[in-house]
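Asks: Let me give you the structure first, and then I'll get to my questions.
The values are calculated or read from the model by the stated rules, or taken from the named source; none is laboratory data. A quick note: this is a predicted structure, and the numbers were derived from the prediction, not measured. Every residue, glycine among them, receives a Cβ derived from its backbone with ideal geometry; neighbour counts consider all protein chains shown.
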Amino acid sequence: MANKPVVAIVGRPNVGKSTFVNRLLGARHSIVDDQAGVTRDRIYFDVEWMEKEFTLIDTGGIIPGDDDEIMVNIFTQAKVACEEADKVIFLVDGKDGINPIDYDIANVLRKSGKEIFLAVNKIDSPEKFANITDFYALAIGEPIAISALHGSGGVGDLLEAVTKDFGYIENEEKAEHIRIAIVGKPNVGKSSIVNALLNKERVIVSNIAGTTRDAIDSKVKYEGEEYILVDTAGIRKKSKVDWGIEKFAVDRSIRAIRNCDIAVLVIDAKEGISDQDKKIANTIIEAGKGMILAINKWDLIEDKNSNTINKFEKEIELEMPFLNFVPKIFISAKTKQRLVNIYKLSKEVYEQATKRVTTSLLNKIVLDAISMNPPVSIRGKRLKLFYSVQVKTQPPTFVLFINNEDFLKDNYVKYLENKLRESFGFKGTPIRITAKEKKENKK
């Protein structure tokens, strides 16, 4: 993968740089404090926005000419950050207004030769919007009003301007080994499945819930293809997880889901589907992983007939309708019934999760879907699709460039997802569809 573009954020102390970084990351990674100069060193973060990735450098507040040792160091760090960066966001305080230090920083930034974006922070009400006009005096360019604290204002406009020429996320080459995580509640037979697939007692098997504490990796070869099987600790309800070893074991199981290619969710055929099974399934989908539903202990179901599987599948459809795209397999770790199909299905799902659709064909399918069933008009306006593109695999991710993001409600996204599945399959993998508003050129 090519090196990510680098964006530095600079400004005098206490203008809200770390708050802005936290807004982009969705978490309080940078230290936020009212005391000036809390962030002293430059800190690097990987940011993903609208399927584009870049590295953001958070710097300490600049006070040019200050002889205080800490402030001199901050100024040096910021200058180095500007040298490293492809683009620079110059953050100023719209609440306090323009400051003499802002002029000094502007002079330094102009000499850097980098593309500068002037962001006026703390504009969190309409009456404060007039404050931004003062900042034209910095001669940096068009000021963009934002509120880092509330996420309002032109944060999106700022990021769109900064990333306009950044490339979309490209996936790494396909992995040498398909990584399969065997997950589920305690005592559903995960370790027994792994042992049966490996043909050896690699993992301790017990009827006592919680025997497996760690996520255990095992490499195996089947029909010329190499796989890594990951046995995981059972994931219980949060309220029933004891602090300590069990909590960390569950955390490792969640991490195993995030690190795998395919998650095999094991369900106990005797117990049926539980709320916890649904929660684990949602965790897999949120992680964007390919999924197989394995109903284990099928040998224990009595009086089976040709319709028994159909009945169970209907129960799954009723209880877990959000898993309609996921293949189901009825197995027995004890008798090894249909067990090797886990390998075959994992390979199929992996191929679906890494599938790429040509842009021309994608646009035809999406346009046809919109023509057949357009969304309800909003204030007399109708959805207009400019173009659509697949920007990522694992999971397949699509961006639709449209005239108004409000048209893309959840139910309409689901409709488009179904149309994409009808056309391209995507068996066993979640699909991501996002909208990006694009202004129409008026002649």
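Asks: Out of everything in segment 307-325 that is outside any loop (DSSP other than H, G, I, E, B) and in contact (Cβ under 8 Å) with a residue 40 or more places away in the chain, what residue ends up being surrounded by the most Cβ atoms within 10 Å (Cβ to Cβ)?
Replies: Narrowing segment 307-325 to residues outside any loop (DSSP other than H, G, I, E, B): 308-319, 321-323.
Those still in the list that are in contact (Cβ under 8 Å) with a residue 40 or more places away in the chain too: 312, 315-316, 319, 322-323.
Numbers: PHE312: 19, GLU315: 12, ILE316: 19, GLU319: 14, PHE322: 12, LEU323: 21.
Residue satisfying both the conditions and the ranking: LEU323.
Asks: Which residues, taken from segment 268-281, are in contact with a helix residue (DSSP H, G or I) (Cβ under 8 Å, 6 or more places away or on another chain) and over 16 Å from ALA256 (Cβ atoms)?
Replies: ALA269, LYS270, GLY272, ILE273, LYS278
Asks: Right, next: Please verify whether segment 339-351 includes one or more residues that are within 30 Å of LEU197 (Cβ to Cβ) and in a strand (DSSP E or B). Break it down into steps so the answer makes sense when it comes.
Replies: So in segment 339-351, the residues within 30 Å of LEU197 (Cβ to Cβ) come out as 339-351.
Okay, now just the ones that are also in a strand (DSSP E or B), so none.
No - not one qualifying residue is present in segment 339-351.
Asks: Say we look at segment 409-426 and pick out the residues that are among the charged types (D, E, K, R) and not in a loop (DSSP other than H, G, I, E, B); which of these is nearest to LYS355 (Cα to Cα)?
Replies: Let us first name the residues in segment 409-426 that are among the charged types (D, E, K, R), namely 409-410, 414, 417, 419, 421-422.
Next, only the ones that are not in a loop (DSSP other than H, G, I, E, B) stay: 410, 414, 417, 419, 421-422.
Working: ASP410: 24, LYS414: 20, GLU417: 15, LYS419: 16, ARG421: 12, GLU422: 14 Å.
The extreme case among them is ARG421.
Asks: Consider THR76 against the criteria (1) at pLDDT 80 or above; (2) over 28 Å from ALA130 (Cα atoms); (3) part of a helix (DSSP H, G or I); (4) hydroxyl-bearing (Ser, Thr, Tyr): it satisfies all of them except one. Which criterion is unmet?
Replies: Status for THR76: all satisfied but (1).
For (1) of a type in the set (Val, Ile, Thr); (2) modelled with pLDDT under 90; (3) under 30 Å from ILE262 (Cβ atoms), each residue gets a yes or a no:
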{"position": "ALA119", "(1), (2), (3)": "no, no, no"}
{"position": "SER125", "(1), (2), (3)": "no, yes, no"}
{"position": "ILE132", "(1), (2), (3)": "yes, yes, no"}
{"position": "ALA137", "(1), (2), (3)": "no, no, no"}
{"position": "GLY154", "(1), (2), (3)": "no, yes, no"}
{"position": "VAL183", "(1), (2), (3)": "yes, no, yes"}
{"position": "VAL203", "(1), (2), (3)": "yes, yes, yes"}
{"position": "ASP214", "(1), (2), (3)": "no, yes, yes"}
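Asks: Could you tell me whether segment 352-371 includes any residue that is under 30 Å from ILE228 (Cα atoms) and in a helix (DSSP H, G or I)? Quick ask: steps written out before the conclusion?
Replies: Start the filter on segment 352-371 by keeping residues that are under 30 Å from ILE228 (Cα atoms), which leaves 352-357.
Checking which are in a helix (DSSP H, G or I) leaves us with 352-353.
So far as segment 352-371 goes, yes, one or more of its residues are under 30 Å from ILE228 (Cα atoms) and in a helix (DSSP H, G or I).
Asks: Out of all the residues in segment 341-371, which are touching a strand residue (DSSP E or B) at 6+ places or on another chain (Cβ under 7 Å) and surrounded by fewer than 14 Cβ atoms within 10 Å (Cβ to Cβ)?
Replies: Within segment 341-371, ARG356, THR359, LEU367 qualify.
Asks: Further, regarding this structure: Can you name every residue in segment 372-408 that is assigned to a loop (DSSP other than H, G, I, E, B), exposed (fewer than 13 other Cβ atoms within 10 Å of the Cβ) and in contact (Cβ under 8 Å) with a residue 12 or more places away in the chain?
Replies: ASN373
Asks: Where residues in segment 113-132 are among the small types (Gly, Ala, Ser) and either within 19 Å of LEU149 (Cβ to Cβ) or in contact with a strand residue (DSSP E or B) (Cβ under 7 Å, 6 or more places away or on another chain) (or both), which of them is surrounded by the most Cβ atoms within 10 Å (Cβ to Cβ)? Steps first, answer last, please.
Replies: Within segment 113-132, the subset among the small types (Gly, Ala, Ser) is 113, 119, 125, 130.
Then drop every residue that is not either within 19 Å of LEU149 (Cβ to Cβ) or in contact with a strand residue (DSSP E or B) (Cβ under 7 Å, 6 or more places away or on another chain) (or both), which leaves 119, 125.
On the way: ALA119: 30, SER125: 11.
The qualifying residue surrounded by the most Cβ atoms within 10 Å (Cβ to Cβ) is ALA119.
Residues are listed down the side, and each one gets a yes or a no for (1) in a loop (DSSP other than H, G, I, E, B); (2) within 22 Å of THR19 (Cβ to Cβ); (3) in the same structural domain as THR19 (by TED's automatic domain parsing):
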| site | (1), (2), (3) |
| --- | --- |
| ASP102 | no, yes, yes |
| LEU109 | no, yes, yes |
| PHE117 | no, yes, yes |
| ASP124 | yes, yes, yes |
| GLU127 | no, yes, yes |
| THR133 | no, no, yes |
| ALA137 | no, no, yes |
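Asks: Among the candidates ILE285, ILE342, ILE295, ILE331, single out the residue that is without any contact (Cβ under 8 Å) to a residue 40 or more places away in the chain and hydrophobic (A, V, I, L, M, F, W, C).
Replies: None of the others qualify; the one that does is ILE295.
Asks: Name the one entry in ALA106, ALA137 that is in contact with a strand residue (DSSP E or B) (Cβ under 9 Å, 6 or more places away or on another chain) and of a type in the set (A, V, I, L, M).
Replies: Answer to the check: ALA106.
Asks: Another one. Pairs please, first residue from segment 40-61 and at positive phi, second anywhere and at pLDDT below 75, Cβ atoms under 7 Å, 6+ apart in sequence or on different chains.
Replies: GLU51/TYR168; GLU51/ILE169
Asks: Right, another one. Working carefully through the options LYS414, LYS439, find the one that is modelled with pLDDT under 90 and loosely packed, with under 14 Cβ neighbours inside 10 Å. Can you show your working first?
Replies: On the way: LYS414 fails: modelled with pLDDT under 90.
Just a single option satisfies the conditions, and that option is LYS439.
Asks: Which residues, taken from segment 390-406, are touching a strand residue (DSSP E or B) at 6+ places or on another chain (Cβ under 6 Å) and either at pLDDT below 90 or not assigned by TED's automatic domain parsing to the domain that holds LYS427 (or both)?
Replies: Within segment 390-406, VAL391, GLU405, ASP406 qualify.
Asks: Considering each of ARG421, ARG432 in turn, give the residue that is in contact (Cβ under 8 Å) with a residue 40 or more places away in the chain, over 18 Å from the mean Cα position of the chain (by Cα) and within 23 Å of ASP261 (Cα to Cα). Break it down into steps so the answer makes sense when it comes.
Replies: Numbers: ARG432 fails: over 18 Å from the mean Cα position of the chain (by Cα).
Only one candidate qualifies: ARG421.
Asks: Considering every residue within segment 326-334, establish whether at least one is closer than 30 Å to LEU416 by Cβ, surrounded by 16 or more Cβ atoms within 10 Å (Cβ to Cβ) and outside the structural domain of ASN259 (by TED's automatic domain parsing). Steps first, please.
Replies: Taking segment 326-334 and keeping what is closer than 30 Å to LEU416 by Cβ, we get 326-329.
When the remaining residues are screened for being surrounded by 16 or more Cβ atoms within 10 Å (Cβ to Cβ), the result is 326-329.
Then drop every residue that is not outside the structural domain of ASN259 (by TED's automatic domain parsing), which leaves none.
Checked against the condition, which is being closer than 30 Å to LEU416 by Cβ, surrounded by 16 or more Cβ atoms within 10 Å (Cβ to Cβ) and outside the structural domain of ASN259 (by TED's automatic domain parsing), segment 326-334 yields no hits at all.
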